[in-house]
Structure formats: C-alpha cells, structure tokens
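Rule-based calculations on the coordinates, nothing more; no lab input. Given the structure is predicted, the values throughout are model-derived calculations rather than measurements. Note that each Cβ is placed from the backbone with ideal geometry, even for glycine, and that neighbours are counted across all protein chains shown.
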C-alpha cells in the first residue's frame, strides 16, 4: 500500500476548512455562542505560557481546592482553541472550584505530530516541577482531561510519564477519545452510514483528514479513501493479533510499505495510538463514550484494555450523546456528562 505524500501546495489551517470553510465556521459559531453564555463570574481568565506552551488559565473566584486540572481540547489536532471551551471550563470551575489550565497546543498541519503532545506534556511537567508555586496549586493533585483528539493527547501524556516512572498525575478523564488509527470499519463507523449519515459533527472522512494532517500527510481524496477502507496499514501490522482484535476483521492492504515510507505512515506508535501503550501503573481513568459517535468503539476498547491491565477505570456510556456534545451549552446531555466528570474528579482530588 502506498500512501501519498504532501503535495507542492503548502498545507495550512485554511486548507482544512473542507467545503468552502463550513467546518471552521461551525467551530467559530461554537465559540461565539459559548461566549454569549453568562459566566456568573465564577472564574478569572488569563492567557499565559507554561513550559513554553500557550495556556489559558482559569482561576476560581472562590477556590475549593488547591488541585489543578490540565484540560486538552479536541478538534482533530488541527482545529479549535482553548477559548472555544470557556463555557465548559466555567462549568467545571463552578462545580469543583479548582484552577484549570487549558492547553493551546500547536495545531496541524503547520505543526504535525508530535508537536501537540510535546506541548501538553511540557505544560504538565512544568506545573509539577516549577509553576505550581506561582499558581499556588498542590502539585500532588494534578489531573488531566481531554475530549476527542484532546482525549488522545491526555492518554498519551499519562503514558509518557509512566514510561519514565513519573507518577504524579492523580487521574485522567478521556471524553470520546481517539485511541487508535487502524480501524475505520468498526461497528460504530458502520453505524454512521446506516443510522445518521450526514447529521453528525464528526464523520469518517473528516476523521481520516484529521489523522492524515496530524501525521504530516496530504489529506487529499485518495489518501482519505485508503484510510476509510482500512487499506492504510502494512501487511505486517495488519497481521499482528493485537491489531486484528481491534480492527475486528482481516485487513488487506494493497502492498507492504517500504522502509523509506514507514516513518510517515500510520504506525504502531503508542504516542499516536495509546491503546498500544497501556500499562498497569497508569493513573485511574474515566472514559466516556457517546452512542452516536464513530469513535464509540475505540473508546470502549480502551476502557476494556485499561481494566485488563489492572488500571482502575470507570466507563460511562451515554446512550443519547453524540460526538461534540460537550461544546453545546444548555444541552442536558452535556450536563449529565459534566456531572460524571466532576464526580470522578472530586473523588480523586
């Protein structure tokens, strides 16, 4: 199987606007709508730099705990910003009264993998090693959380720290996370075509584009087609028992990847696919999945994998939820998911 490289056209964030920019307009509307929601003065917000990365800091007016939450936003590693989540962060502050650090990591395609995860790790490590005094937080009570691609980054950061025997993260919260990039024919993907085609914020083709851009590859139609038909991995990778279990059926690539192509391909790197890096010394986890979400099944797979490896894990499945619901102010579904998140965090800080 041959993946096609970046074209002569320089990729940038306008490139990923898809059809006439509609996706970016939707995200911008989210931000504008959230900004119109009254914050009730629960927090003070400022933009800062921690560990060399941009961070949006939310300080509660009435702090209830010196614990800290590092939040990592979603958006396919290529869209969204920390301020798009102001309303959601305000909800956490209101319920928990902790300081929140929302990472404005560098976005693909200008900054492909591993820039985003490096930024998130830098923030977490600097908070623990240096900046905890500046913000008057308890460095032994740092939690990480993220949604979608941010859930992927949160999971990877905890694994990186564990591999270095650094175990200061109290817990992790993964909201409909991206867990691997091998399987685009899982039942949750097929359900999209059968049950709600064209009605969701995330669809298989968009997911394929985000992955390609994150990995530094061109997101043109041919590459997207390779991913959504599971023809983007080598025979060696496809034949491994672990990958076959995740994919759910045999994968038949067109041909093997050459060694020169392999570094730029979808690969068995736990920093891209955290399901391959699960270990028993990871911090306790909460994994939330949504019924109407192409990422549903890989989130479930990750929760099961954590349990199999002996990691304390709670899995909450929301049967009426859809991908991106956490960006919907006033949604009762979001309210329920937020309650689950805050209950879990409260029990671990």
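General observations
- Inverse mean reciprocal Cα-Cα distance (Kirkwood Rh) of segment 35-118, Å: 13.3
- Working from label points 7 Å from Cα in the Cα-to-Cβ sense, the residue 304 to residue 47 distance is 4.3 nm.
- FRET efficiency, residue 236 to residue 190 (Cβ-Cβ, R0 45 Å, nearest 0.05): 0.95
- Taking one quarter of the surface of the convex hull spanned by the alpha-carbon atoms of segment 71-218 gives a direction-averaged projected area of 10.0 nm².
- Between segment 114-143 and segment 292-349, the Cα center-to-center distance that results, in Å: 24
- Semi-axis lengths (Å, descending) of the ellipsoid that matches the C-alpha gyration tensor of segment 152-206: 32, 11, 8
- Ranking of 138, 86 by count of other Cβ atoms within 10 Å, fewest first: 138, 86
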